[in-house]
Amino acid sequence: MLRLLAITRAVFAAVAFASLMNVGASRAQPVIADVSEHFVGITADFTGAKILFFGTTTGPGKLVVVIRGPAQDIDVGAKIQRAGIWMNGESVTFKDAPSFYRVLSTEPLGEWLPLDVREANRSASNI
(Lines give C-alpha, C1' and ligand atoms only; values in the text may rest on other atoms or scores of the structure.)
Protein backbone atom coordinates (compact mmCIF):
# COMPACT_ATOMS: atom_id res chain seq x y z
CA MET A 1 0.00 0.00 0.00
CA LEU A 2 1.43 3.36 -1.02
CA ARG A 3 1.38 6.09 1.58
CA LEU A 4 2.35 9.59 0.48
CA LEU A 5 3.92 11.93 2.97
CA ALA A 6 3.27 15.55 2.10
CA ILE A 7 6.64 17.14 2.76
CA THR A 8 5.64 20.54 1.41
CA ARG A 9 3.12 20.99 4.19
CA ALA A 10 5.73 20.19 6.76
CA VAL A 11 8.26 22.58 5.29
CA PHE A 12 5.88 25.48 5.30
CA ALA A 13 5.44 24.87 9.00
CA ALA A 14 8.94 26.34 9.09
CA VAL A 15 9.22 29.38 11.28
CA ALA A 16 11.93 31.97 10.90
CA PHE A 17 13.01 33.98 13.87
CA ALA A 18 14.79 37.14 12.92
CA SER A 19 18.20 38.44 13.55
CA LEU A 20 18.69 39.74 17.03
CA MET A 21 18.96 43.48 17.03
CA ASN A 22 21.72 45.11 19.03
CA VAL A 23 19.17 46.14 21.67
CA GLY A 24 18.31 42.48 22.35
CA ALA A 25 14.81 42.39 20.81
CA SER A 26 13.99 40.08 17.92
CA ARG A 27 11.88 40.69 14.86
CA ALA A 28 10.79 38.25 12.18
CA GLN A 29 12.24 38.28 8.67
CA PRO A 30 10.32 36.84 5.69
CA VAL A 31 11.54 33.43 4.53
CA ILE A 32 11.19 31.88 1.08
CA ALA A 33 11.67 28.11 1.35
CA ASP A 34 11.17 24.96 -0.68
CA VAL A 35 12.23 21.31 -0.79
CA SER A 36 13.79 19.14 -3.46
CA GLU A 37 11.06 16.47 -3.18
CA HIS A 38 7.46 17.44 -2.43
CA PHE A 39 6.26 13.86 -1.94
CA VAL A 40 7.99 10.71 -0.74
CA GLY A 41 6.32 7.43 -1.60
CA ILE A 42 6.53 5.01 1.31
CA THR A 43 6.03 1.39 0.28
CA ALA A 44 6.95 -1.97 1.78
CA ASP A 45 10.49 -1.74 0.35
CA PHE A 46 11.12 1.88 1.43
CA THR A 47 14.70 2.30 2.69
CA GLY A 48 14.80 6.05 3.18
CA ALA A 49 15.04 9.24 1.15
CA LYS A 50 17.20 12.32 1.06
CA ILE A 51 15.41 15.65 1.00
CA LEU A 52 17.13 19.00 0.53
CA PHE A 53 15.64 22.04 2.27
CA PHE A 54 16.66 25.35 0.73
CA GLY A 55 15.64 28.97 0.83
CA THR A 56 16.56 32.54 1.49
CA THR A 57 15.74 35.41 3.81
CA THR A 58 15.81 39.14 3.25
CA GLY A 59 18.54 39.71 5.80
CA PRO A 60 20.82 38.14 8.35
CA GLY A 61 19.31 36.04 11.08
CA LYS A 62 18.80 32.68 12.62
CA LEU A 63 16.41 30.04 11.31
CA VAL A 64 14.21 27.40 12.91
CA VAL A 65 12.61 24.69 10.77
CA VAL A 66 9.80 22.56 12.16
CA ILE A 67 9.10 19.35 10.24
CA ARG A 68 5.83 17.65 11.04
CA GLY A 69 4.46 14.44 9.51
CA PRO A 70 0.77 13.70 8.94
CA ALA A 71 -1.38 13.49 12.07
CA GLN A 72 -2.54 10.07 13.21
CA ASP A 73 -3.62 8.27 16.36
CA ILE A 74 -0.62 6.68 18.08
CA ASP A 75 -0.85 3.97 20.75
CA VAL A 76 1.94 3.85 23.34
CA GLY A 77 2.03 0.87 25.64
CA ALA A 78 4.05 -0.10 28.66
CA LYS A 79 5.82 -3.45 28.84
CA ILE A 80 5.40 -5.38 32.07
CA GLN A 81 7.12 -8.51 33.29
CA ARG A 82 5.03 -11.35 34.69
CA ALA A 83 6.53 -14.68 35.70
CA GLY A 84 9.70 -13.89 33.73
CA ILE A 85 7.80 -13.07 30.54
CA TRP A 86 7.52 -9.57 29.07
CA MET A 87 3.95 -8.69 28.11
CA ASN A 88 2.02 -5.69 26.90
CA GLY A 89 0.68 -3.63 29.78
CA GLU A 90 -1.73 -0.72 29.71
CA SER A 91 -1.61 1.59 26.72
CA VAL A 92 -2.51 5.20 26.03
CA THR A 93 -3.73 6.58 22.69
CA PHE A 94 -2.56 10.01 21.57
CA LYS A 95 -5.12 11.46 19.16
CA ASP A 96 -3.93 13.33 16.06
CA ALA A 97 -0.24 13.15 17.02
CA PRO A 98 2.29 13.90 14.28
CA SER A 99 3.80 10.74 12.81
CA PHE A 100 7.15 12.56 12.72
CA TYR A 101 8.28 15.72 14.49
CA ARG A 102 11.67 17.41 14.33
CA VAL A 103 12.96 20.89 15.13
CA LEU A 104 16.13 22.06 13.40
CA SER A 105 17.91 25.34 14.05
CA THR A 106 20.99 27.16 12.77
CA GLU A 107 22.11 27.55 16.41
CA PRO A 108 20.98 25.96 19.70
CA LEU A 109 17.62 27.50 20.60
CA GLY A 110 18.54 27.96 24.26
CA GLU A 111 21.37 30.29 23.27
CA TRP A 112 19.37 32.87 21.33
CA LEU A 113 15.60 32.29 21.41
CA PRO A 114 13.96 33.97 24.42
CA LEU A 115 12.47 31.60 27.00
CA ASP A 116 8.95 33.06 26.66
CA VAL A 117 8.94 32.31 22.91
CA ARG A 118 10.16 28.74 23.47
CA GLU A 119 7.51 28.15 26.14
CA ALA A 120 4.73 29.68 24.03
CA ASN A 121 5.54 27.24 21.20
CA ARG A 122 5.84 24.17 23.43
CA SER A 123 2.09 23.49 23.71
CA ALA A 124 0.50 20.40 22.21
CA SER A 125 -1.37 22.51 19.65
CA ASN A 126 1.97 23.41 18.04
CA ILE A 127 3.13 19.82 17.73
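The values are calculated or read from the model by the stated rules, or taken from the named source; none is laboratory data. Fair warning: this is a prediction, and the values are worked out from it, not measured in the lab. Using ideal geometry, Cβ is built from the backbone for each residue, glycine included, and neighbour counts are taken over all protein chains shown.
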- Item | Every residue from segment 76-100 that is farther than 22 Å from residue 122 by Cβ and not in a strand (DSSP E or B) | 83, 84
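Within segment 67-75, does at least one residue satisfy the condition of being under 15 Å from residue 35 (Cα atoms), among the β-branched types (Val, Ile, Thr), in a strand (DSSP E or B) and within 19 Å of the chain's Cα centre (by Cα)? Don't jump to the end; show me each part of the working.
Taking segment 67-75 first, the residues under 15 Å from residue 35 (Cα atoms) are 67-69.
Still in the running and among the β-branched types (Val, Ile, Thr): 67.
Add one more test, that the residue is in a strand (DSSP E or B), and what stays is 67.
Imposing the further condition that a residue be within 19 Å of the chain's Cα centre (by Cα) reduces the set to 67.
So far as segment 67-75 goes, yes, one or more of its residues are under 15 Å from residue 35 (Cα atoms), among the β-branched types (Val, Ile, Thr), in a strand (DSSP E or B) and within 19 Å of the chain's Cα centre (by Cα).
Quick one: which of 66, 31, 76, 40 is modelled with pLDDT under 85, touching a strand residue (DSSP E or B) at 6+ places or on another chain (Cβ under 7 Å) and more than 30 Å from residue 112 (Cα to Cα)? Outline the logic, then answer.
On the way: 66 fails: more than 30 Å from residue 112 (Cα to Cα); 31 fails: more than 30 Å from residue 112 (Cα to Cα); 76 fails: modelled with pLDDT under 85.
Result: 40 is the single residue among 66, 31, 76, 40 that is modelled with pLDDT under 85, touching a strand residue (DSSP E or B) at 6+ places or on another chain (Cβ under 7 Å) and more than 30 Å from residue 112 (Cα to Cα).
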- Sole residue being touching an Asp or Glu at 6+ places or on another chain (Cβ under 8 Å) and either at pLDDT 50 or above or among the hydroxyl-bearing types (Ser, Thr, Tyr) (or both), chosen from 59, 55, 48: 55
- For segment 52-66, indicate whether the set of residues that are in contact with a Leu (Cβ under 8 Å, 6 or more places away or on another chain), of a type in the set (Lys, Arg), surrounded by 11 or more Cβ atoms within 10 Å (Cβ to Cβ) and touching a residue at least 24 places away in the same chain (Cβ under 8 Å) is non-empty. yes
